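Asker: One structure coming up, written as structure tokens, with questions to follow.
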Amino acid sequence: MAASLSAYLRAYAVVNLVSVEQISLLEFIQALPSPTILISLGIKPYDGVVLLEINPPLAFPILEMLLGGSGKVSTKIERAITEIEQNILDGLLAIILNELRASWLAVTAMEFSIVGHETEPQLSQVIAPNEPVVAISIEVQIGEAVSGMMNLGIPSVVLKMLRQKFDHQGSPHKARATEAEQSRVLRLVKPSTMHLDVRLQGPTLSVETLLDLKDGDVITFDYPIERPVDLLVNGRRKYQGDVVLVGRKRALQIQKLWVPMTAPSAGAAPDSSGQALAAQSEG
């Protein structure tokens with residue numbers, strides 16, 4: 001919309017989404033200025049009416065620009081627009097409706113058309129006052145002097161009718177990567193470097209037990225030779241294997257992929273921490 005308004009008015013335009021909330025139509029109407037420009041929009045092929053409101057502080061400067069002026073309105077205008085001014089604004093409305101249609105194409109094809117105008121929001125009877133609507137507030141800035149609000153009121157029942165289309169839009173089927181794509185990703189990650197660390201994951205002690213140690217206490221850190229050691233890749237346990245000699249250097253011969261064990265249930269045999277405490281007691 002910003003690009004379309006800039007081209008139409010021949011002035012730099014900025015459009016910002018301010019808020020989206022669900023309120024009753026009565027609350028939506030009460031938040032609008034009076035008088036204002038309130039337009040009822042039909043939404044074919046669906047049943048229902050969407051409300052579009054353009055604040056006077058935005059509409060009258062735009063009228064000034066369309067009639068050849070700079071858009072700088074020196075005084076605050078608090079009156080309803082005339083029929084002639086309404087016809088002049090039809091070009092602006094055509095741009096807004098076209099942008100609405102284009103925005104909704106991602107969900108469903110929807111044609112917006114003008115079915116009514118109103119200047120007093122309280123007189124609008126197209127929707128029941130207690131019906132919930134999704135209120136969308138949009139700020140429009142044109143140049144340095146013009147700034148105002150546009151508001152959309154979409155009945156919640158309309159969005160509920162389109163719920164299945166939203167669900168389909170939000171959860172597309174994940175495409176399976178092709179062999180060429182997998183090869184490309186592998187080629188990109190091949191130059192990456194990783195830190196490998198082999199550790200003897202022995203028993204553990206609590207801080208309380210550690211503070212109670214005295215001269216002469218013996219702590220055993222037995223690690224059976226048949227137990228495999230862990231290989232950590234970037235700090236994460238990944239493989240298990242045996243330490244071997246390769247020439248004059250030590251190496252790890254990988255035996256299997258490390259599989260994390262589930263946490264023991266209540267009453268299960270003690271883990272390495274329990275073994276450590278028992279070994280210390282015996283010492």
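Nothing in this text is a laboratory measurement; each read-out follows from the coordinates by a stated rule. Only a predicted model underlies this, so the values are computations on that prediction, with no experimental measurement involved. Every residue, glycine as well, gets a Cβ built from its backbone with ideal geometry; the counts of neighbours run over all protein chains shown.
Asker: What does the helix-only formula give at 222 nm for the chain: each DSSP H stretch with n ≥ 4 adding -39500 (n - 2.57), the total divided by the residues, and the result rounded to the nearest 500 deg cm²/dmol?
Answerer: Calculated mean residue ellipticity at 222 nm is -8500 deg cm²/dmol.
Asker: How large is ³J(HN,Hα), in whole Hz, for each residue of region 128-136 in order, when computed from phi with the Karplus curve 6.51 cos²θ - 1.76 cosθ + 1.60 and θ = phi - 60°, using x for Gly and Pro?
Answerer: Karplus-based 3J(HN,Hα) across region 128-136 equals 5, x, 8, 6, x, 10, 8, 8, 10 Hz.
Asker: Let me ask you something else. Using 0.36 nm times the number of residues separating LYS72 and LEU245, minus their current alpha carbon distance, what extension gain do you get?
Answerer: Extra length from LYS72 to LEU245 when fully extended: 53.8 nm.
Asker: What does the charge add up to near TYR223, with Lys and Arg as +1, Asp and Glu as -1, over the other residues with Cβ less than 14 Å from its Cβ?
Answerer: In short, -2.
Asker: Okay, moving on. For an R0 of 35 angstrom, estimate the FRET efficiency from the Cβ-Cβ distance between ARG199 and GLU179 and round to the nearest 0.05.
Answerer: 0.40
Asker: Which ³J(HN,Hα) values in Hz, rounded to whole numbers, follow from the phi angles of region 35-51 under the Karplus curve 6.51 cos²θ - 1.76 cosθ + 1.60, where θ = phi - 60° and Gly and Pro get x?
Answerer: So the J values, rounded to whole Hz, are x, 8, 10, 10, 10, 8, 10, x, 10, 6, x, 9, 8, x, 10, 9, 9.
Asker: With the calculation restricted to Cα positions, what are the radius of gyration and Dmax of region 2-170 in angstrom?
Answerer: 16.0, 50
Asker: Could you work out how much longer the chain between MET161 and ARG237 gets when fully extended? Use 0.36 nm per residue separation minus the Cα distance between them, nm to one decimal.
Answerer: Additional length available on full extension: 22.4 nm.
Asker: Can you grab the distance from the C-alpha centre of region 126-153 to the C-alpha centre of region 205-237, Å, no decimals?
Answerer: 66
Asker: Here is a follow-up. Hey, what do the phi angles of region 13-18 turn into as Karplus ³J(HN,Hα) couplings, whole Hz, using 6.51/-1.76/1.60 and θ = phi - 60°, x for Gly and Pro?
Answerer: 10, 10, 10, 10, 6, 9
Asker: Suppose the chain between ALA145 and ARG227 were pulled fully straight at 0.36 nm per residue; how much longer would it get relative to their current alpha carbon spacing?
Answerer: 21.8 nm
Asker: Here's another thing I want to ask about it. May I ask for the equivalent-ellipsoid semi-axes of the chain, computed as the square root of five times each C-alpha gyration tensor eigenvalue and listed largest first in whole Å?
Answerer: 72, 25, 21
Asker: What order, most packed first, do the peptides 211-222, 119-130, 25-36 have when packing is the mean number of other Cβ atoms within 10 Å of each residue?
Answerer: Peptide ranking by packing, descending: 25-36, 119-130, 211-222.
Asker: For VAL115, list long-range residues whose amide hydrogen, built 1.01 Å from N in the peptide plane, is under 5 Å from its own amide hydrogen.
Answerer: Sorted by chain and number, the residues that satisfy this are SER40, LEU41, GLY42.
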